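Participant: Got a structure for you, questions after.
The values are calculated or read from the model by the stated rules, or taken from the named source; none is laboratory data. Because the structure is predicted, anything quoted here is derived from the model rather than measured. In this analysis, Cβ positions are derived from the backbone assuming ideal geometry, glycine residues included, and neighbour counts consider all displayed protein chains. Accessible surface is based on the protein model in full, side chains and every heavy atom, while ligands, DNA and RNA are left aside. Shrake-Rupley method; radii C 1.70, N 1.55, O 1.52, S 1.80 Å.
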Amino acid sequence: MVALRCQSLVGAGGRALFSLSRTRALRPSPLQTSCQCLQLHLFPRRSRFVAFCCETSVIAPVQPRKIFMENSIHISTLEEKIFDTLKAVLIHFELKTQLRVAGGWVRDKLLGKESHDIDIALEDMHGKSFCERVNEYLMSINEETKHYCVIQSNPDQSKHLETARMKVFGVEIDFVNLRAENYAEESRIPTMKFGSAKEDAYRRDLTINSLFYNINTGLIEDFTGRGLSDLRNGVIATPLPPKTTFLDDPLRVLRAIRFAARFNYKIQEELKVAAMDVDVGTALEKKVSPERVGVEIDLMMTGADPVRAIQELIDVNIFWIILRLPQELEDEITDSVKRSCLGALIAMMKVLAVFGPDKLTTDQRRLALYSALFLPFKSFKVTEKKRQVPLTHSLIKHSLKLKTHDALMVTQIHEAADEFNHIWKVLFDEENGNINNSNQGARDWELTSRSEKMIRAGFWMGNIKELWRVALVLHALLDVITCTDLGDTEVKQRAGKCLAAEAAIMELGLEDIWNVKPLLDGKKIMSALGLEKGIPGMKEWQNHVRKWQLCHMTATAEECYEWLKDEYQHKRQSPLKMEELSVHIP
């Protein structure tokens, strides 16, 4: 193989003068051939050049796919201000440190995407020390200093570096030193030391995240020799052998899968094999905190292809390791139930696509996908602190360490989806007056078909609130455990059922009923009842007022107050007890 060494001279006016020289033929090894090259690309600003400095290597063949990639990085005005300030710090203190933007920012910029995820890698300083220098410099020019915080390392959980975080011109920037590692025998916790940019690049999670942009020189640096080619060809690979990279930080298995799903890149086969290694699975279970796992899973669920991400996790036998299903349910949660989790997620994505994904906010869509993923676990309970709680709640709160609110909302969506069976029958007159027949003391305004719909659907909507569309769609998937492969016709039928229910709810004017304030608060209710303090049946009276308001949407507070006074007198004279008069609310 012939290696070309490209040298350049920059002439007046920013013109580049090139000279190419053919060097000796290199004899490739059976596994790897390397070459040195320097490619210059005109930078759009300042008529200067940004160079790609590469040490390329050819590895086992991976099926390539061409990706659109920029030839250079466009630095925005804000980024230029940030970088100029950081360079001014170097000049002011006569520091020899090379400042490099690492990883994701470089990757995204080359893919033509904007990024505010600026991580600065320092050649011979800790992040905290550099942040202190930044503030000293700002003081010297009579500028306001910036607050910074330090995030400590935690080697036991594979977080090996201390990070300093500071806002510069409103952009949050992480500062961390370049690293090299030494491992003692029988230990997977490394001894950290300052390293070169090349050593640091090889310790990164993926080749596409191992690129640097050198702020001092304006160069894009590819020290692994594979970052640019893997980015261009759509390949997910690790700089070092995958098992070495994963044992360094087992969370990188999840990151590899997340980026593959995000960019629709091909995962290198060697990486998949390493991800399935027993040692890697054990390290992931023991070394990585649920909080870090939860962050990755959440990014997958809000990413471009959640189905592929979960499918890949299952394929490499990682998904059930990170979920940590309780031993007490091992016999009950069969392989069939586990397979249904992915099937339910696929079904949710398909039905949502027809129902209208734009009808949900980003967070509502996220909760919809979690509710589908864990739908097969809906009926399972687990013991926590001597009480039974839904398994779904436990997995979200403890295995993934997401917010308690998320666990509550997904559980509530499951419950609301079950309850919608009754709401559907009322909305489409399939209950044949079931409420009326059981409501012996109901008044005339409660006995119409529309009143039944308003009351039943209104109370359901009031409980589930803005997640009602999510619960409605999930209701269409309740049998997904026995029907995991939905064809196009069935998807349209289920989505059509959701659209019909949505239209019925909106025709009743209930789409945001939970935002409608009660006409009477607790004090007004007690006043209408002639009471100075609450009574044991106060909740029933509040519900009765809610029912009346749902059936009289245009009524005023004064009209409701007068009705309640009359109602109280009517019920006092009735031989029936209050609880016997109340409409059943599921």
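Participant: Roughly what would the spin-label model give for residue 150 and residue 328, points 7 Å off Cα along C-beta, in nm?
Facilitator: Placing both labels 7 Å along Cα→Cβ, they lie 4.4 nm apart.
Participant: Follow-up. Take 299, 95, 520 and sort them by solvent-accessible surface of the protein heavy atoms, 1.4 Å probe, largest at the top.
Facilitator: Working: 299 75, 95 40, 520 10 Å².
Putting 299, 95, 520 in descending order of accessible area: 299, 95, 520.
Participant: For the residue pair residue 85 and residue 385, what label-to-label distance in nm results when each label sits 7 Å from Cα along the Cα-to-beta-carbon direction?
Facilitator: With each label point 7 Å from Cα toward Cβ, the separation is 4.5 nm.
Participant: Continuing with this model, one more query. In what sequence, largest accessible area first, do 339, 107 appear using a 1.4 Å probe?
Facilitator: Details: 339 160, 107 10 Å².
The most accessible residue leads, giving 339, 107.
Participant: Under 20 Å from a point 7 Å along the Cα-to-Cβ line of residue 403: which residues of segment 350-386 have their amide N that close?
Facilitator: 360-374
Participant: With charges set only on the Cβ (+1 for Lys and Arg, -1 for Asp and Glu), what does the dipole of segment 479-521 come to about its Cα centre, in debye to the nearest 20? Walk me through the numbers before you get to the answer.
Facilitator: Numbers: 4 positive and 9 negative charges, 10 e Å.
Dipole of segment 479-521, to the nearest 20 debye: 60 debye.
Participant: While we're looking at this one, here's another question. Go ahead and run the numbers for FRET between residue 450 and residue 362, Cβ-Cβ distance against an R0 of 35 Å, rounding to 0.05. The partial results should precede the final answer.
Facilitator: Working: r = 35 Å, r/R0 = 1.00.
After rounding to 0.05, the efficiency reads 0.50.
Participant: With r as the distance between the Cβ atoms of residue 69 and residue 142 and R0 = 51 Å, compute the FRET efficiency 1/(1 + (r/R0)^6) and round to 0.05.
Facilitator: Details: r = 43 Å, r/R0 = 0.84.
After rounding to 0.05, the efficiency reads 0.75.
Participant: Would you kindly find the accessible area of residue 116, with a 1.4 Å probe and non-protein molecules such as ligands, DNA and RNA excluded, rounding to the nearest 10 Å²?
Facilitator: Its heavy atoms expose roughly 130 Å² to the probe.
Participant: Once you have the Cα-Cα distance between residue 273 and residue 285, take 0.36 nm times their residue separation minus that, and quote the gain in nm to one decimal.
Facilitator: Numbers: separation 12, 0.36 × 12 = 4.32 nm, distance 1.76 nm.
Once the chain is fully extended between residue 273 and residue 285, it gains 2.6 nm.
Participant: Check the straight Cα-Cα distances from residue 350 and name the aspartates and glutamates below 16 Å, setting aside those fewer than 8 residues away within the same chain.
Facilitator: 305, 358, 479, 485, 488, 490
Participant: Calculate, in nm to one decimal, what residue 553 and residue 108 gain on full extension: separation in residues at 0.36 nm each, minus their alpha carbon distance. Kindly include the intermediate steps, with their values, before the conclusion.
Facilitator: Values: separation 445, 0.36 × 445 = 160.20 nm, distance 5.18 nm.
Fully extending the segment from residue 553 to residue 108 adds 155.0 nm.
Participant: In the full protein assembly as shown, how much of residue 259 is accessible to a 1.4 Å probe, in Å² to the nearest 10?
Facilitator: Approximately 10 Å² of residue 259 is accessible to the 1.4 Å probe.
Participant: Pop the C-beta distance of residue 320 and residue 503 into the FRET formula with R0 = 51 Å and round what comes out to the nearest 0.05.
Facilitator: Values: r = 40 Å, r/R0 = 0.79.
FRET efficiency, residue 320 to residue 503: 0.80.
Participant: For the pairs 113/287; 266/497; 109/266; 378/403, flag any whose C-alpha to C-alpha distance is greater than 29 Å. Don't skip to the answer; put the middle values down first.
Facilitator: Numbers: 113/287 33 Å; 266/497 37 Å; 109/266 20 Å; 378/403 19 Å.
Beyond 29 Å: 113/287; 266/497.
Participant: While we're here: Between their Cα atoms, which of 465/492; 523/547; 492/517 are more than 28 Å away from each other? Spell out each step's value before the answer.
Facilitator: Working: 465/492 26 Å; 523/547 18 Å; 492/517 37 Å.
Table pairs above 28 Å Cα-Cα are 492/517.
Participant: Just to confirm the filter: which trypsin sites (Lys or Arg not before Pro) across segment 376-420 are DSSP coil and have at most 13 other Cβ within 10 angstrom of their Cβ? It would help to have the intermediate numbers written out before the result.
Facilitator: Values: sites: 378, 381, 385, 386, 387, 397, 401, 403; in loops: 378, 385, 386, 401, 403.
Within segment 376-420, the qualifying trypsin sites (Lys or Arg not before Pro) (loop, at most 13 other Cβ atoms within 10 Å) are 385, 386, 403.
Participant: Then there is this: For residue 128, list the lysines whose Cα falls under 24 Å from its own Cα; do not include residues on the same chain fewer than 8 positions away.
Facilitator: Straight-line reach from residue 128, under 24 Å: 81, 87, 96, 146, 159, 167, 193, 198.
Participant: Check the straight Cα-Cα distances from residue 386 and name the lysines below 19 Å, setting aside those fewer than 8 residues away within the same chain.
Facilitator: Partners within reach: 397.
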